[in-house]
Amino acid sequence: MMGSPYSLPRRAKAALAIIAAVLVLAPLVTNNYIISVLTMSLYYAYVGQAWNIMFGFAGLLSLGHALFIGIGSYASAALFVHFGIGPWAGIFLAVPLAVAVGCFIGFLGFRFAISGVYFALLTIAFAEFTRIIFDHVAWLGATEGLFLPVSSRTRIDLPNLRGPSEMFYYVILTLTFLALGICRWLMNSKLGYCWRAIRDDPEAAAATGVDVFWCRMAAVAVSCAASGVAGVWYAFYYNNLFPEIAFDIGKSVELTFAPIVGGVGSLCGPIVGAFLLYPLGELITGATQGLGIEGIKQFGWGIAVVSIVLLRPSGVWPWLAQILLPDRRCHAAAP
Amino acid sequence: MSAAPLLSLRGVFKRFRGLAAVTDVSFDIPRGAIVALIGPNGAGKTTVFNLIAGMLRPDAGEIALEGASLVGKRADVICKSGIGRTFQIVRPFNGMTVEENVMVGALARTSDIATARRHALELLELLELGDRRLAAVQSITLPDRKRLEVARALATRPKLLLLDEVMAGLRPTEIDRMLGVFRRLNATTGVTILLIEHVMRAVMALSQHIIVLHHGEVIATGSPEEVKKHRAVLDSYLGEEAL
């Protein structure tokens, strides 16, 4: 079918179905280590998609996205630890909180015309001072950390999200595909067209009738909501939260790698990037473990990432899509 | 000039620091007319467009569309109230295809993607861009991009179309085709056109009324014949050879 570049041809749909089937069946045939690698790849794919909504779709650079994930984590964890309220109900606090903070930053940025890298600085500033505030909130564990009780690692307790690693794997797998579906739907909607117009030229978009302020706020809200959900999952997967880890700027930067390497603004880019980078990091760890040289992993991983970005500056996925889907007449935006 | 004008400017001023870009500009654009805004470089023509379209706010004065003030309104609100514009230096959405560029304009009037795509296709056909519709914007020529600007502005279903030098850089045959398009549009849809243009052949052939701007002030208005003979216009812009 012709038309939107965000509609997938049949072959791509078939490939996607096969990949989905492999991922669904993976826990049956692999060991715990592979599961944990796949789980973290999916986590980075998911948060990469959330970040990509703001930067890739609407052109808003956030370098403080750990903030929204961290807020989601702390909100759901606090409800669970202090009141015994499970994560599914906790989402209803975690997501509105993350969205509210995001929209506040967005309002400041868009109302006072703080754009580009200055907007990115604003997001960093908010993440940093949230970290410092959380360091002093005893109710949330302060610097000592907030710990979620673990009763059993074998019994599956889905309502409280307590259970074996396979359960967490399936939850994040579902979230990743859900995010993909939502992003695809958004990009084929009026909002998606308006986002891309704003990303390319906000003034021309406004002159063409696009409500730039509202569309940007919508991008922030959707991205922060998705990040808040990621935070809930993260809290219950790791069972411990420390402000200097949850709100660390390194974390905010780290989650931008998958979409940047995979292809900013594309639907599958963050997923492809995550499944390339995280396993690559693990492979390098495995290969360099015996050497006993400190920092060699980061060094090797850094060289690998820089090489990929130099070779495929617009991302791995747009290049891959061109090879896999050569009949596409438009490559302005790969799916 | 009859009845209430579609657009009216009354005593509009705009200064950029020390520079008076627009000084006490007043004019009316009658509904259904094709009016040209001419004048030497730096006369303030594009500034007048930016004031009308809401990219700039006047320091003083009144700008009204169908009697409703536009001053202080956002550009997207002004677009939706019925003013479509093109940019002198083309500003297409570079990450989108030709068709998608026009669809963004069409989406100002509908939320349905299929409807927007149909409307975009009609306009692309009208502007002879139909066969380029799936092309990336960077891959099309400058004249095509100028036509794309027009299609995108038209897609917002304007009552008033502001054209900022859409003929510049076009070959004479291409100018004739564009003239044909605008005449047809004006005749069939009744869209009012205000155009900035340096190509005098196009201005004289197309417009019923001309406003001449010099140093931010209106120095002459009238029919093409009247303006061509106007002393101040000849001195400041057209030159004696225009006679």
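Is it the case that some residue within segment A:305-312 is assigned to a loop (DSSP other than H, G, I, E, B) and within 25 Å of B:N94 (Cα to Cα)? Scanning segment A:305-312 turns up at least one residue that is assigned to a loop (DSSP other than H, G, I, E, B) and within 25 Å of B:N94 (Cα to Cα). Could you tell me which residue of segment A:175-219 is surrounded by the most Cβ atoms within 10 Å (Cβ to Cβ), considering only residues that are over 20 Å from the mean Cα position of the chain (by Cα) and among the hydroxyl-bearing types (S, T, Y)? By that ranking, first place goes to A:T208. If I filter segment A:18-36 for residues that are touching a helix residue (DSSP H, G or I) at 6+ places or on another chain (Cβ under 7 Å), buried (at least 18 other Cβ atoms within 10 Å of the Cβ), modelled with pLDDT under 95 and assigned to a helix (DSSP H, G or I), do I get at least one hit? Checking segment A:18-36: at least one residue is touching a helix residue (DSSP H, G or I) at 6+ places or on another chain (Cβ under 7 Å), buried (at least 18 other Cβ atoms within 10 Å of the Cβ), modelled with pLDDT under 95 and assigned to a helix (DSSP H, G or I). Checking each residue in segment A:166-201 for being free of Cβ contacts under 8 Å to residues at least 24 places away in the same chain and at the interface with chain B (Cβ under 10 Å from one of its Cβ atoms) picks out A:S189, A:K190, A:Y193, A:C194, A:A197, A:D201. Identify all residues within segment B:7-40 that are over 15 Å from the mean Cα position of the chain (by Cα), closer than 27 Å to B:L206 by Cβ and part of a loop (DSSP other than H, G, I, E, B); write none if there are none. Hit for segment B:7-40 is B:P40, nothing else. Checking each residue in segment A:196-228 for being touching a Leu at 6+ places or on another chain (Cβ under 8 Å) and of a type in the set (F, W, Y) picks out no residue at all. The residue that is nearest to the chain's Cα centre (by Cα), among those in segment B:88-101 that are more than 9 Å from chain A (Cβ to nearest Cβ) and either in contact (Cβ under 8 Å) with a residue 60 or more places away in the chain or part of a helix (DSSP H, G or I) (or both), is B:Q88. Criterion first (within 14 Å of chain A (Cβ to nearest Cβ) and closer than 25 Å to B:C79 by Cβ) does B:L142 satisfy it? For B:L142, the condition - within 14 Å of chain A (Cβ to nearest Cβ) and closer than 25 Å to B:C79 by Cβ - is not met. The residue that is farthest from B:I175 (Cα to Cα), counting only those in segment B:115-136 that are at the interface with chain A (Cβ under 8 Å from one of its Cβ atoms) and touching an Asp or Glu at 6+ places or on another chain (Cβ under 9 Å), is B:R117.
Counting only helices (runs of 4 or more DSSP H) that sit wholly inside segment A:191-256, those with at least 2 residues that are of a type in the set (G, A, S) are A:202-207, A:212-238.
Would you pick out the residues in segment B:42-55 that are of a type in the set (A, V, I, L, M) and within 17 Å of B:G84 (Cβ to Cβ)? Result: B:V48, B:L51, B:I52, B:A53, B:M55.
Taking segment B:102-114 as the range and being outside any loop (DSSP other than H, G, I, E, B), at the interface with another protein chain (Cβ under 8 Å from one of its Cβ atoms) and surrounded by 24 or more Cβ atoms within 10 Å (Cβ to Cβ) as the test, the residues that pass are B:M103, B:V104, B:G105. Can you tell me how many residues within segment A:121-170 are under 21 Å from A:E254 (Cβ atoms) and in a helix (DSSP H, G or I)? Residues in segment A:121-170 being under 21 Å from A:E254 (Cβ atoms) and in a helix (DSSP H, G or I): 15 in total.
The values are calculated or read from the model by the stated rules, or taken from the named source; none is laboratory data. Since the model is a prediction, treat every value here as computed from it, not as a measurement. Cβ coordinates were reconstructed from backbone atoms using ideal geometry, including for glycine residues, and neighbour counts include every protein chain displayed.
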